[in-house]
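Colleague: Got a structure here, written out as structure tokens. Questions coming.
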Amino acid sequence: MVNPLTKDYYAQRASAGLIVTEGIYANILGKGGPGIPGLVDNAQVAAWREVTDAVHAAGGRIFAQLWHVGRMTHPLTLPGGATPLAPSAERIIRAKIFTSQGLVDHVMPRAMTTAEIDATIEDFAIEARNAIAAGFDGVEVHGANGYLIQQFLAENTNQRTDRYGGSLNNRLRLAVDIVTAVAAEVGAHRVGLRISPDNPENEIAEQDPQGTYRALLRTLDPLGLAYLHVVERGEYAALADLRPRWSSTLVANFNGSSPTTRDAGEKVLDTGLADLFSFGRAFIANPDLPARFASGAPVSEYIRDLVYGGGAEGYTDYPALQATQV
């Protein structure tokens, strides 16, 4: 949930060209774990308003990442011990899920009804409206990393036989419907979309990522979105293939085994594969990352075991450059 440390964390990183937040759930059944924030009621809007005000006061810009995890949650996290929702009843087998009781096995999700799908699309639109009310400059629809939208895109997680499954166009439908609804609610110029083609994370297996994402871009490009955020991971060279097929701003990201370096990001820009490059893990450990890049100063190491565990440690206590030089 949002607390005073959340405001400090994002304000510390206001020197970014654009901050995209952590995933914020669009409805309570899309919450992925304990402590994860939402943006579905007035209290949450007010809490996020303090964050956006702090970022703007520090000269930054910030988009809310709209999120539904689908099967990537657990009854221990959901109200009343509810069963996680997904396109189909396909369980994650090899990995475990973090809960208030630690790491546990995934449960079998329940296939969403069409009424629940329709309600979820509306929930994304409402969350987008709430985000603007909370002072966000725009929103990013999270369609990557094996969460709900990608679960509908991928053949192994979408075994439906209705209008949301089966054919390629049907598997695209949820992504298209959510993005279209969000753009209609707040304006396409305030909406980005995050995708991660061929990403095996969270036991996703896409048989034809090239065909899937080329078709998705053909459908969404005419909307005139603010940007497309492409996370490249896997064998499919997504950036090289999709850049010519997207007419507005393209943001690139690498989801490798280690944080992306400045040189690797600049190479992507120099070769024309993207207009912007996003940094995640490096920005967690370096709240003043742009200043470090600009000056050639050392970049602090991202250490997974030290990442945020509920307090300031590993969250807002990373030193800024000037503090390290005193």
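Colleague: Starting from one equal scatterer on each C-alpha and no solvent at all, send me the Debye-based log10 I(q)/I(0) for the range 59-165 at q = 0.19 Å⁻¹, two decimals.
Modeller: One equal scatterer on each Cα of the range 59-165 leads to -1.03.
Colleague: Taking the alpha-carbon set of the range 206-246, what are its Rg and Dmax in Å?
Modeller: 10.2, 29
Colleague: In debye, nearest 20, what is the charge dipole magnitude of the chain about its Cα centre with +1 on Lys and Arg Cβ and -1 on Asp and Glu Cβ, if you could check?
Modeller: 180
Colleague: May I pose another question? Determine the order of Ser100, Ser88 by accessible area, beginning with the largest, at a probe radius of 1.4 Å.
Modeller: Greatest to least solvent exposure: Ser100, Ser88.
Colleague: May I pose another question? Which value, in Å² and to the nearest 10, is the accessible area of His189 when all protein chains are kept and the probe is 1.4 Å?
Modeller: Per-residue accessible area (His189): approximately 130 Å².
Colleague: Let me see the P(r) profile for the chain: every Cα-Cα distance counted, bins of 10 Å, each bin given as a percent of all pairs.
Modeller: Whole-percent P(r) values from 0 Å outward: 6, 26, 36, 26, 6, 0, 0.
Colleague: Same structure, new question: Order Met112, Met1 by their accessible area, 1.4 angstrom probe, all chains in place, largest first.
Modeller: Solvent-accessible surface, decreasing: Met1, Met112.
Colleague: Could you work out the Rg to Rh ratio of the range 221-301, with Rh taken as the Kirkwood radius (inverse of the mean 1/r over all Cα pairs)?
Modeller: Radius of gyration over Kirkwood radius for the range 221-301 works out to 1.00.
Colleague: Any idea how far apart Glu235 and Arg129 come out in nm if each label point goes 7 Å out from Cα toward Cβ?
Modeller: Going from the Glu235 label point to the Arg129 one covers 4.6 nm.
Colleague: Using the heavy atoms of the protein chains alone and a 1.4 angstrom probe, what is the accessible area of the chain per residue in square angstrom?
Modeller: 43
Colleague: Turning to a different aspect of this structure: Write down the radius of gyration of the range 181-326 and its Dmax, each obtained from C-alpha positions, in Å.
Modeller: Computed over the Cα atoms of the range 181-326, radius of gyration and Dmax are 17.5, 54 Å.
Colleague: Can you give the accessible area of Asp41, probe radius 1.4 Å, in Å² rounded to 10?
Modeller: Its accessible surface works out to 70 Å², give or take rounding.
Colleague: Further, regarding this structure: Using the Kirkwood radius over Cα pairs, work out the Stokes-Einstein diffusion coefficient for the range 96-252 at 4 °C and 1.567 mPa s, in µm²/s as a whole number.
Modeller: Estimated diffusion coefficient is 80 µm²/s.
Colleague: Considering the alpha-carbon set of the range 131-171 alone, what are its Rg and its Dmax in angstrom?
Modeller: 14.0, 40
Colleague: Counting only helical runs of four or more DSSP H residues, what would the 222 nm mean residue ellipticity of the chain come to if each run contributes -39,500 (n - 2.57) and the total is spread over all its residues?
Modeller: -10000 deg cm²/dmol
Colleague: Pull up the DSSP beta bridges for the chain and report the antiparallel fraction as a percent, rounded to 5.
Modeller: Around 10 percent of the beta bridges assigned by DSSP in the chain are antiparallel ones.
Colleague: Two decimals is fine: what's Rg over Rh for the range 140-224, C-alpha atoms, Kirkwood radius as Rh?
Modeller: Across the range 140-224, the Cα-based Rg/Rh ratio is 0.95.
Colleague: Cα centroid distance between the range 143-186 and the range 26-52, in Å?
Modeller: The range 143-186 and the range 26-52 have Cα centres separated by 23 Å.
Colleague: Still on this structure, I have one more. Calculate the tail of P(r) for the range 1-51: the fraction of all Cα-Cα distances greater than 18 Å, expressed in %.
Modeller: So the portion of pairs separated by more than 18 Å is 31 percent.
Colleague: Can I ask one more? Rolling a 1.4 angstrom probe over the protein chains, ignoring ligands and nucleic acids, what is the accessible area of Thr219 in square angstrom, nearest 10?
Modeller: 70
Colleague: Of the accessible area of the range 180-226, with the probe set at 1.4 angstrom, what percent is carbon plus sulfur?
Modeller: Of the solvent-accessible surface of the range 180-226, carbon and sulfur hold 45 percent.
Colleague: What FRET efficiency comes out for the pair Ala57/Ala312, r = Cβ-Cβ distance, R0 = 25 Å, nearest 0.05?
Modeller: 0.75
The values are calculated or read from the model by the stated rules, or taken from the named source; none is laboratory data. Remember, predicted model here, so these are calculated numbers, not experimental data. As a convention, Cβ positions derive from the backbone with ideal geometry for all residues, glycine included, and neighbour counts pool all protein chains shown. Just the protein is used for accessible areas: all its heavy atoms, side chains included, with ligands, DNA and RNA removed. Shrake-Rupley method; radii C 1.70, N 1.55, O 1.52, S 1.80 Å.
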